[in-house]
Each structure stands twice: as C-alpha cells, then as structure tokens.
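Worksheet: one structure, shown below.
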Amino acid sequence: MQNAEYLESFVDYLKEEEKSNSTIQGYAADVKHFMATLNKSITEIEKADVNAYKLELIMVKKLSLLSINRKMVSLRQFIEFLNDRFQLSLHSKIKQEKIQKQYSLNDEELLSVEDYSQLMAAVEDAGDLRTKAMFEAMYFSGMRVSEMLQLRMDHVQVSAKVINDIRGKGGKYRDIFISTRLLQSLQQYLEVRKPPYSSTTNQLFVGQRGPVTRQTVHNLMKHYAGKAGIPESKAHAHNLRHLFGLRLAAKGVPIQDIAKYMGHTSIEVTKIYTEKPRSYYAETIDQLV
C-alpha cells in the first residue's frame, strides 16, 4: 500500500470511531505533513525519522511546543492504528515535549470587553444579524465554534434555556445555558433566516451554500475585526468563548460553576480564567529594584 492509502484507511477508522470533523481534519493534516517530509514508505519509519521531524518543527518551522505536541499525538495515533490494523510492528513510542503547566492567558492575544464592543458595532453597522447572533452565542454562553454551529431552529423556537443535545469537546454532550439576552438575538436572526437552505435543513446558521462552516466563522471574525481596528492577533472566534469565561471570573463566580458553564471536565483547565494574565507577571518583575 502507498502512504496515501494508509492515511485514507486511518481517516475511515476515525469516522467509524465517530470522531468530530475537526479532530479528523486535524489528525489527517498532521499525518499528511509528516509523510510529506518522510520521503519514504511509512512502513519504513524509524525513531530517527520522528526525532528529525520534531527537530525541524522546533528549529526551522519555529512552532510552539503545544503545536508540536499536537502533531506528535496525531502521529502516535496513526502509528498505533497501522500496527493494530495492518500488524506492521512500527516504532510507536512517540514522546511529547514536556511543558510545565502555567495557568495564565496571553492578554495581548485576547479580546477585551472594549474590543468586543467595537467588534459588535462593526457587525451591527453592516446589519449582519446572522454574524451578530453567532458572535453573541459564544460571548453570552461560552459555546465553542463547533458547538455554536450545531444550534438548530427548534432550540430557538421552543425558547430553550438549557440545551443538552449538542456534542462538545471529545464528542461528549454537555449542558449549554442560554440567557434571555442571547435568546433574543437568536430569535431576531431566525426571523430573517433566508432561502435557499432555510427550508431544507434544521440547522440554525445557514448561508447560500448550506450550513455555515468553521472557516466561514473565522473569516467573518477577521473581516469585522479589521473593520473595528482590532489587531489580527486577537481576531480569533475562540476568543469570544474566552471572554465569557473571564467575565464570569471577574464577577466572582465560583470556579466549579465556571467549569460547568464552559463544559470543562476538570477545574484544572478552568484555572486559566482565574489566574492573572501573563502581562501581570512581566510587569511585576520590571518593578523590582
């Protein structure tokens, strides 16, 4: 078999395991990138190949350790699949780089409440009710992009205050709480939701080519952030979710409750919203004499 055929089998396996589309696309892209640098059959892989690849990612590509570790996870899953499915007995002890956990956010890459106000002003000036509803869905509920795009018309039509049939991270269902303010925004959009796809799908957010995709959301974020004069480094849709978590922490909401709202299975992850930002630590040591 060729490398491409092994990758195709791996993708089929991930689909059988009901992995999310984003997970499948991420794994496939990582594995494809590795095989492009390998220049030989994956069945001939050696430990030295993995080490050389990792070194290239660090020294040449200048990727962050988090990005490198994600690629290592993808590669390890692929090798383990090949060994199990095709009995290849390949070296599969692929190690990730160790990173000391530091629970703080880089506030230079985060949206502030003021940034959000400017962003939404640009959206409202354009009369874009669909984008307004999508952005507010994340800002007022902490939904991930993938979760927001699963919203259906019936969620709005029944005025749901708690939604529990949307798959979150890892394909797990979780409770998503809908505020009155958000429900009003979703209802406003529903009133102007237009054909051709409005009658052929129950998905809430649609466009002229069908249901809205993650890429469309990210493109809209960059578009309106540019209009609002917000730095491109902050123009990530996921920052709307972060801002929700930070606002809960600022109001003194207990960390276990924040974890519930955010859909975290461990409050260790939630600590990121209760810790001081990185700039605080940098400024503090500058004040030492």
Of all residues in region 19-48 being of a type in the set (Asp, Glu) and over 28 Å from Glu147 (Cα atoms), the one that is surrounded by the fewest Cβ atoms within 10 Å (Cβ to Cβ) = Glu44
inquiry  = Going by what's in this entry, would Arg193 be described as of a type in the set (Lys, Arg), assigned by TED's automatic domain parsing to the domain that holds Met120 and surrounded by 13 or more Cβ atoms within 10 Å (Cβ to Cβ)?
reply    = yes
key: Boolean, Leu119 is over 17 Å from the mean Cα position of the chain (by Cα) and not acidic (Asp, Glu)   = yes
ask   = How do the helices (runs of 4 or more DSSP H) wholly within region 61-153 filter down when requiring 3 or more residues that are in contact with a strand residue (DSSP E or B) (Cβ under 8 Å, 6 or more places away or on another chain) and within 29 Å of Ile258 (Cβ to Cβ): which remain?
value = none
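Here are some residues: Arg167, Arg174, Arg209. Which one is in the same structural domain as Ser146 (by TED's automatic domain parsing), out of contact with any helix residue (DSSP H, G or I) (no Cβ under 8 Å at 6 or more places or on another chain) and closer than 22 Å to Phe244 by Cβ?
So the residue among Arg167, Arg174, Arg209 that is in the same structural domain as Ser146 (by TED's automatic domain parsing), out of contact with any helix residue (DSSP H, G or I) (no Cβ under 8 Å at 6 or more places or on another chain) and closer than 22 Å to Phe244 by Cβ is Arg174.
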ask   = Counting only residues that are crowded, with 20+ Cβ neighbours inside 10 Å and hydroxyl-bearing (Ser, Thr, Tyr), which one in region 125-178 is nearest to Ser20 (Cα to Cα)?
value = Ser141
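If we keep just the residues of region 222-242 that are of a type in the set (A, V, I, L, M, F, W, C) and part of a helix (DSSP H, G or I), which is nearest to Phe140 (Cα to Cα)? Lay out the reasoning, then the answer.
Step one: of region 222-242, the residues of a type in the set (A, V, I, L, M, F, W, C) are 225, 228, 230, 235, 237, 240.
Subsequent filtering for residues that are part of a helix (DSSP H, G or I) retains 225, 228, 240.
Numbers: Ala225: 18, Ala228: 20, Leu240: 9 Å.
Result: Leu240.
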inquiry  = For region 74-92, give me each residue that is surrounded by fewer than 15 Cβ atoms within 10 Å (Cβ to Cβ) and touching a residue at least 24 places away in the same chain (Cβ under 8 Å).
reply    = Arg85, Phe86, His91
request  = Identify all residues within region 243-272 that are in a helix (DSSP H, G or I), within 23 Å of Val162 (Cβ to Cβ), aliphatic (A, V, I, L, M) and more than 16 Å from the chain's Cα centre (by Cα); write none if there are none.
outcome  = Leu246, Leu248, Ala249, Ile255, Ile258, Ala259, Ile267
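The values are calculated or read from the model by the stated rules, or taken from the named source; none is laboratory data. Note that the structure is a prediction, hence the values are computed from the model and not measured. Note that we place each Cβ from the backbone using ideal geometry, even for glycine, and neighbour counts take in every protein chain shown.
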